[in-house]
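None of the figures in this text is laboratory data; all of them are computed from the coordinates on show. Computed from a prediction, not measured in an experiment: that's the story for all the values here. We place every Cβ from the backbone using ideal geometry, glycine too, and count neighbours over all the protein chains shown.
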């Protein structure tokens with residue numbers, strides 16, 4: 001992939017396959033397609049399941065997490081060779097995001113942390129701690145000065161990317177007997193502080209309420 005326009009034509013289909021016992025029997029769960037020709041370019045295997053994939057802004061690198069070990073594999077998209085395997089998280093990764101320059105990559109995990117990576121040398125710059133639940137989503141602001149993260153149980157955090165400190169914590173209001181998982185995030189390209197939040201509702205009814213409704 002040599003340019004941006006070719007990058008647009010290429011998409012990644014992540015097939016989530018949950019029931020394989022070892023890497024030896026893993027199918028090729030990440031498949032690279034050219035959506036203009038509708039042909040598969042290559043299939044990458046060895047993953048138990050894939051929750052997220054991310055190209056860097058130039059389209060020269062593809063990041064793929066897979067499995068329970070919390071590792072991320074970085075591929076060179078010119079030849080689809082593995083460049084680097086990133087370790088640090090101890091549970092599966094839910095979200096990946098590159099900043100606009102591509103110099104920084106963030107990954108969020110079920111271990112309730114976010115790791116910040118320098119993409120020049122793939123060194124971990126910082127581990128962000130503060131969420132009390134699984135971190136499900138990530139998004140960099142367009143100017144790169146903020147990173148937002150969303151978790152289970154309604155919590156959104158805003159991080160300053162200079163000091164990598166949390167500057168704001170927001171609780172998304174929920175209904176009675178309902179918790180909200182922040183599944184997706186996207187900044188508006190027109191208004192820099194406008195953020196769209198995609199939610200999944202989970203209803204948990206106390207036993208007393210269930211018994212009352214059945215009478």
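Some observations on this one:
- Segment 30-99 and segment 101-152: distance between their alpha carbon centers, rounded to Å: 16 Å
- On the beta carbon distance between residue 168 and residue 118, with R0 = 35 Å, the FRET formula returns roughly 0.90.
- Residue-span extension gain [residue 68 to residue 183] - 0.36 nm each, minus C-alpha spacing: 39.5 nm
- Gained length - residue 34 relative to residue 85, 0.36 nm times residue gap less alpha-carbon distance: 15.8 nm
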